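Here's the structure, in structure tokens; my notes come after.
Every number here is computed from the coordinates shown, using simple stated rules; none is lab data. Remember, predicted model here, so these are calculated numbers, not experimental data. Cβ placement follows ideal geometry from the backbone for every residue including glycine, while neighbour counts extend to all protein chains displayed.
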Amino acid sequence: MNREPRLWMAFTALVALFLSVLPLPRWLEIVRPAFLVLTVLYFSISAPRAGGIGLGFFAGLALDAFQGAVLGQHALALSLVAYIMVREHQKIRSKPAFQQSLIVFFALIAYEFTVFAIDGWTGHPITDPLRWVHTVTGALAWPIAIALLERGHAPR
């Protein structure tokens with residue numbers, strides 16, 4: 001199987017982008033995991049040369065364009081967490097799914113804090129505490145995300 005899963009990575013990133021911007025009712029919007037962030041984290045861990053910081057940057061720009069956020073806001077946040085995951089991918093990959101979920105939880109907190117800080121600096125603060133709920137749902141969805149994303153390629 002292909003060791004650099006670029007086609008699978010691009011396809012899943014597009015699907016995750018679609019799932020991230022799909023309009024949902026308010027109650028479901030609150031608990032929706034950050035699908036695009038989980039996809040970037042997965043490829044930063046399993047295929048750091050194919051995914052990683054570049055995938056995080058371009059996926060973040062696409063998310064900025066679709067959501068109408070400050071251009072580069074999500075790109076910076078996704079690049080930051082992708083960098084951390086690429087840097088520590090060998091340690092993270094060797095952990096069981098539960099421990100990986102905890103690491104992903106803290107990565108999602110770092111991502112959300114970066115977006116929160118940029119929102120504040122640009123004069124668009126969203127202080128609703130419900131904005132942090134998707135960090136928990138993302139961490140809970142991590143084992144499912146691994147199972148689904150591994151179907152398309154064999155990680156190294």
Subject >> Percentage, to the nearest whole number, of Cα pairs in the chain over 23 Å apart >> reply: 30
Original post:
Separation between the LEU130 and ALA65 pseudo-spin-labels, each 7 Å from Cα along Cα→Cβ, expressed in nm?
Top reply: 3.0
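How much length would be gained if the chain were fully extended between ALA10 and ARG26, taking 0.36 nm per residue of separation minus their Cα-Cα distance, in nm to one decimal? It would help to have the intermediate numbers written out before the result.
Numbers: separation 16, 0.36 × 16 = 5.76 nm, distance 2.87 nm.
That pair, ALA10 and ARG26, stretches by 2.9 nm at full extension.
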Original post:
Put a dot 7 Å past each Cα toward the Cβ at TRP121 and ARG93; how far apart are the dots in nm?
Top reply: 3.3
Original post:
Dividing the Cα radius of gyration by the Kirkwood radius, what Rg/Rh value follows for the range 1-51?
Top reply: 1.09
**OP:** Give, rounded to the nearest 20 debye, the magnitude of the charge dipole that the chain has about its Cα centre when Lys and Arg contribute +1 at Cβ and Asp and Glu contribute -1 at Cβ.
**Re:** 560
Original post:
Can you sort VAL136, VAL81, VAL86 by how many other beta carbons sit within 10 Å, fewest first?
Top reply: VAL136, VAL86, VAL81
Subject >> Packing-based exposure ordering (other Cβ within 10 Å, fewest first) of TYR83, TYR111 >> reply: TYR83, TYR111
